[in-house]
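S.K.: Quick one: structure below, then a few questions.
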Amino acid sequence: MDPQRKRKIRLVIALGVAVMLAVALVYTSFSASTEAKEPSQILSSVPGTTYDMTGKVVPGSVRHDGEGLRFRVEDRDGGAETMAVAYAGTVPDPFRGGREIVLTGALEHGVFVGERDTLVTKCPSKFTTSNDA
Amino acid sequence: MTHSLGSAALALAFVAMLAAAAMALVGRGGDERWLVASRRAVYAALGLLTLCVVLIEIAFARDDFSLNIVQQHSSIETPGFYKLAAMWSSQEGSLLLWAWVLSIASSLALYATRNRLREIVPYATAVMAGVGAFFTGLMLFAGGVNPFATPPGPAPADGIGLNPLLQHPSMMIHPPMLYSGYVAFTIPFAFAIGALAARRLDAAWIRATRRFALIAWALLGFGLLLGARWSYTELGWGGYWAWDPVENAALMPWLIGTAFLHSIMVQEKRGMLKVWNACLVVATFSLALLGTFLVRSGVLQSIHAFGDSTVGPYILGLIAVVVLGSTALIVSRLDDLRSEKRIDSLISREAVFLVNNFLLVALCAAIFWGTFFPLISELFTGSKSSLAAPWFDRYTTPLAILLVLFTGIGPLLAWRRVSWASAKRVFRLPAIAAAAVGVALALLTDAASSPWALALFAFATFALVGIGQEFWRGAAARRRLAGGSMPGALVGLVSRNRRRYGGYIVHVGVAVLLIGIAASSSFQTNRDVELRPGESATIDGRTVTYVRPTAAVDPDKFTFGAVLAVRDGGKRYVLRPSQRFYRPTGVPVGTIGSNFEGEQTSEVGLWAGFGSDFWTAVRPNVTAVKQRVGAADRGFRACVSGGPGTPPQCRALAAMMRAAAANPALMPAASRQIGALQLATATRIARTYLGDGAAATFRVIVDPLVTWIWIGGLIALAGALIAIWPTRRTRRRLATDTDLDALKEAKYREIRDAELDHAAGKLSDQDFALLDAELRREAVEILDREPV
């Protein structure tokens, strides 16, 4: 085979692999992702669907319940509605009332039940200065 | 004073950077005076920015709360070491750090090239000084990020203090490491732009900046490692990587930087991949800026929430300028960027480098897509959806496994071409070892339950044995030539070929690190157990007993912990995990209960071993303690309110507080007395925790081989340092050499490398004869260029 043609074939193979990877990325990401919603949106959605809930822990609402936690969350910019949350699993150090959290889970009988070890608490901001507690 | 002096220095640094860029462009035709002046302007900016940093540090050291930055990020009680490091925990301080490190790197680069690269340096100076002016200008004009800003109103008596979570030694080195890594990538980028602008597209710019790229890469990598270590030991969740956007943002430039470091060798030696290299360096620098932007802007949900800030849009603007400008420049120079040569054979080092580049870029592309998926999905579906760790793992795992295989294959092949027979000879031993380890692990352990991990162990074995064989054969060849002992020959080999063997050591480190990651992520056992004092639990064959609770009270925090006795086969050890409850910072006097409203940090109880780590964190049940504290606070309030029937000491306290409220001069003394009283009460209450017998929740993790992540990282760092460290001869040459000298030196090295490969048995006699003849012909061509 002449070298020119050989190079072309190699290029086509490389591009083919790249395209396949790109298609796989696009395809799997849309099916594997979970939608992010705030508490007020979750309360008004269909129960049982899994969401990434992003909200703020209502100060003073955190109770220990056996190995798990129960607390309430509100939308990030406040709002009247709060949602009850039940969670068991790792609790990051910065977790407490007033902190923003992300938790994967679904609404069951009016309580948002978090999946084990999915609680993410935003690090206390290094670059904002308000004491948000 | 500091305010006006600092602001003036900062403004002058900005002017110096602008002037440097302008003068460099004026002198681009080769007018020496303008070039010297522009270089000196960059040095001047370095001096001025150094002054700024020193002023800020002095302000921190002297608790000068008349500066906003000090008031917001330090306090009188902040430990001295952290005061000095508090500068970069602030937005404005990290911008100053960016600009300062950039001025250091630019000055070094300009000093090293002061007699060389006449056509390229002016443009490179303009780019470096332009970026420097951008960051200094940001501090001056963006609003709210001037490090010398003063708080509105009179200077407060005390500052807010540094977040206790960040008071950790590795957290203090981690940000400047990452920053320096990001910043140092500016240098290769600037010289690449210079080379494109001046149409000097041979490997001269690469030779001049390769070391900077390597330093940037090492700093960024070490910064990532420190961040992972901090997360593992400080954050109380036992993990070291979470595919969080900000982590990804630092990993992406590192991956593309890794690809760049490999592919520039192909351009250096073969004159190929010029467009590719230009694209990689632009991508690396853009990703470094993107990392800076992500940290600042709050576009993506991240656990590293640094809050929305004013500088985000400006950085985005700079990224746009960099990407669009560089792309236009590359497209306009496509004709000059033609490869001088073609790849001779698929069994050659350059072919392996191509594959490795493809894998690294694919890895980065997958991570990029996953990181920005929330924005992408919002664009198409209208709702922000995010991807979790399993999605990332699905792509990164197979790519990392292939990468580790090529980490082993690359060093075994020589440049240009290797005959199939010599390839078989060098591959035999590593392949047999990999197969043996794979089979043994599958039969003797439960490694087969995770096929990916098993594949990685086998491939990593291949890489380690292959590189070990390289060292062995190289040292043996050197011993035949120079005599002496085998260890002596090994040292001589490495110190005479630092770039090559330093690189191999990096490969060893990466293979070891990936073994640690694969083992600890695939075969980890973690459990949450609730134990009362005296109770035991068995986790993965280790019996852990909650011996007794512990409690301590300090002026700034309560600590509740546990003493755990662990029996692991014949080994016994004691761990003391605890949780700290910090008083909120920046509040003068609160209630005792306010301790439960501040930050909480876990102090991990860790038994680190080469086989596996036993990691424990405790979540004490402090409900009863909180109730008693609440009662004490209520009692204190009732006492000082001075109602009927209050005891006399309460009345004295109430009188003191009234007096302090009326006369601020008495306040410190009153605060001290109340503080002491509260401390005594708190200590008494904390002791009751010891007798409560309350159950505590323990998170227990048995993490196999996790220590090898840190060891592998340090090995890689050591390798990078060996590759960076110049020999005495290169140090001398850097100062005096012309471009032609550098070219000759590079070709001479290539000839020596081929000789070494031949002596080490990597090239057969026939391969070597062909290659040597080619190289000598090329060397003669270079010599012919010498002006007579």
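The values are calculated or read from the model by the stated rules, or taken from the named source; none is laboratory data. None of the values given here were measured: they were computed from a predicted structure. Positions of Cβ are backbone-derived with ideal geometry, glycine not excepted, and every protein chain shown enters the neighbour counts.
S.K.: Could you grab the pairs with beta carbons closer than 9 Å, sequence gap of 6+ or different chains, first residue in the stretch B:466-487 and without any contact (Cβ under 8 Å) to a residue 60 or more places away in the chain and on the phi > 0 side of the Ramachandran plot, second one of a type outside the set (A, V, I, L, M, F, W, C) and surrounded by 12 or more Cβ atoms within 10 Å (Cβ to Cβ)?
M.R.: Pairs that qualify, where the first residue is without any contact (Cβ under 8 Å) to a residue 60 or more places away in the chain and on the phi > 0 side of the Ramachandran plot and the partner is of a type outside the set (A, V, I, L, M, F, W, C) and surrounded by 12 or more Cβ atoms within 10 Å (Cβ to Cβ), are B:GLY484/B:ARG478; B:GLY484/B:GLY492.
Each row is one residue, and each column tells you yes or no for (1) surrounded by fewer than 17 Cβ atoms within 10 Å (Cβ to Cβ); (2) aliphatic (A, V, I, L, M); (3) touching a Cys at 6+ places or on another chain (Cβ under 8 Å); (4) not assigned by TED's automatic domain parsing to the domain that holds B:ALA218.
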site: B:TRP615; (1), (2), (3), (4): no, no, no, yes
site: B:PRO620; (1), (2), (3), (4): no, no, no, yes
site: B:GLY635; (1), (2), (3), (4): yes, no, no, yes
site: B:ALA662; (1), (2), (3), (4): yes, yes, no, yes
site: B:GLY675; (1), (2), (3), (4): yes, no, no, yes
site: B:ILE701; (1), (2), (3), (4): no, yes, no, yes
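S.K.: Next question, about the same structure. Quick check on the stretch B:593-612. Is at least one of its residues free of Cβ contacts under 8 Å to residues at least 12 places away in the same chain and either within 12 Å of another protein chain (Cβ to nearest Cβ) or assigned to a strand (DSSP E or B) (or both)?
M.R.: Within the stretch B:593-612, one or more residues are free of Cβ contacts under 8 Å to residues at least 12 places away in the same chain and either within 12 Å of another protein chain (Cβ to nearest Cβ) or assigned to a strand (DSSP E or B) (or both).
S.K.: Inside the stretch B:511-535, can you point out the residues that are more than 14 Å from chain A (Cβ to nearest Cβ), outside any helix (DSSP H, G or I) and buried (at least 18 other Cβ atoms within 10 Å of the Cβ)?
M.R.: If the condition is that a residue be more than 14 Å from chain A (Cβ to nearest Cβ), outside any helix (DSSP H, G or I) and buried (at least 18 other Cβ atoms within 10 Å of the Cβ), then B:PHE523, B:PRO533 are the ones that fit.
S.K.: Yes or no: the stretch B:145-162 includes at least one residue that is part of a helix (DSSP H, G or I) and either closer than 26 Å to B:MET252 by Cβ or assigned by TED's automatic domain parsing to the domain that holds B:LEU224 (or both).
M.R.: Checked against the condition, which is being part of a helix (DSSP H, G or I) and either closer than 26 Å to B:MET252 by Cβ or assigned by TED's automatic domain parsing to the domain that holds B:LEU224 (or both), the stretch B:145-162 yields no hits at all.
S.K.: Among the residues of the stretch B:47-81, write down those that are touching a residue at least 60 places away in the same chain (Cβ under 8 Å) and under 27 Å from the mean Cα position of the chain (by Cα).
M.R.: B:LEU49, B:CYS52, B:LEU55, B:ILE56, B:ILE69, B:VAL70, B:GLN72, B:HIS73, B:SER74, B:THR78, B:PRO79, B:PHE81, listed by residue number.
S.K.: Scanning the stretch B:372-393 for residues that are of a type in the set (D, E, K, R) and part of a helix (DSSP H, G or I), which turns out farthest from the chain's Cα centre (by Cα)?
M.R.: So the residue we want is B:GLU378.
S.K.: Quick one: how many residues across the stretch B:613-653 are assigned to a helix (DSSP H, G or I) and either within 14 Å of chain A (Cβ to nearest Cβ) or among the aromatic types (Phe, Trp, Tyr) (or both)?
M.R.: 7
S.K.: Follow-up. If you check B:ILE409 against the conditions, is it assigned by TED's automatic domain parsing to the domain that holds B:ALA463 and either buried (at least 19 other Cβ atoms within 10 Å of the Cβ) or outside any helix (DSSP H, G or I) (or both)?
M.R.: yes
S.K.: Out of A:GLY60, A:GLY68, report the one residue that is surrounded by fewer than 16 Cβ atoms within 10 Å (Cβ to Cβ) and either over 21 Å from B:SER386 (Cβ atoms) or away from chain B (no Cβ under 14 Å) (or both).
M.R.: A:GLY60
S.K.: Could you list, in sequence order, the residues of the stretch A:24-40 that are more than 9 Å from every other protein chain (Cβ to nearest Cβ) and over 19 Å from B:THR371 (Cβ atoms)?
M.R.: A:GLU38, A:PRO39, A:SER40 - these are the residues of the stretch A:24-40 that are more than 9 Å from every other protein chain (Cβ to nearest Cβ) and over 19 Å from B:THR371 (Cβ atoms).
S.K.: Taking the conditions exactly as written (away from chain B (no Cβ under 11 Å) and not basic (Lys, Arg)), does A:ILE13 satisfy them or not?
M.R.: no
S.K.: Find the residue count for the stretch B:412-452, including only residues that are surrounded by 18 or more Cβ atoms within 10 Å (Cβ to Cβ) and assigned to a loop (DSSP other than H, G, I, E, B).
M.R.: Number satisfying all stated conditions: 6.
S.K.: State whether one or more residues within the stretch B:490-509 are more than 19 Å from B:ASP757 (Cβ to Cβ) and either without any contact (Cβ under 8 Å) to a residue 60 or more places away in the chain or touching a Cys at 6+ places or on another chain (Cβ under 7 Å) (or both).
M.R.: yes
S.K.: Considering only residues that are under 17 Å from B:PRO245 (Cβ atoms) and β-branched (Val, Ile, Thr), look in the stretch B:370-402 and name the one that is modelled with the lowest pLDDT.
M.R.: This residue is B:ILE376.
S.K.: On to the next question. Restrict the check to the stretch B:168-191 and report whether at least one residue is within 14 Å of chain A (Cβ to nearest Cβ), farther than 24 Å from A:PHE95 by Cβ, buried (at least 24 other Cβ atoms within 10 Å of the Cβ) and more than 24 Å from the chain's Cα centre (by Cα).
M.R.: Among the residues of the stretch B:168-191, not one is within 14 Å of chain A (Cβ to nearest Cβ), farther than 24 Å from A:PHE95 by Cβ, buried (at least 24 other Cβ atoms within 10 Å of the Cβ) and more than 24 Å from the chain's Cα centre (by Cα), which makes the answer no.
S.K.: So, one more: Within the group A:THR118, A:THR104, A:THR128, A:THR90, which residue is at pLDDT 85 or above and within 11 Å of chain B (Cβ to nearest Cβ)?
M.R.: Matching residue, one of A:THR118, A:THR104, A:THR128, A:THR90: A:THR104.
S.K.: Looking at this structure, is B:LEU96 away from every other protein chain (no Cβ under 14 Å) and more than 25 Å from B:ASP739 (Cα to Cα)?
M.R.: It is false that B:LEU96 is away from every other protein chain (no Cβ under 14 Å) and more than 25 Å from B:ASP739 (Cα to Cα).
S.K.: Please state which of the following conditions A:ALA80 fails to meet, knowing it meets all the rest: (1) closer than 22 Å to B:SER385 by Cβ; (2) at pLDDT below 85.
M.R.: In the conditions (1) closer than 22 Å to B:SER385 by Cβ; (2) at pLDDT below 85, A:ALA80 misses (1) alone.
S.K.: For the stretch B:359-373, give me each residue that is within 9 Å of chain A (Cβ to nearest Cβ) and aromatic (Phe, Trp, Tyr).
M.R.: B:TRP369, B:PHE373
S.K.: Considering each residue of the stretch B:131-167, count those that are within 12 Å of another protein chain (Cβ to nearest Cβ), of a type in the set (Gly, Ala, Ser) and surrounded by fewer than 20 Cβ atoms within 10 Å (Cβ to Cβ), and give that number.
M.R.: 1
S.K.: Any residue at all in the stretch B:492-505 that's modelled with pLDDT under 90, more than 30 Å from B:ALA686 (Cβ to Cβ), touching a Leu at 6+ places or on another chain (Cβ under 9 Å) and among the aliphatic types (A, V, I, L, M)?
M.R.: yes
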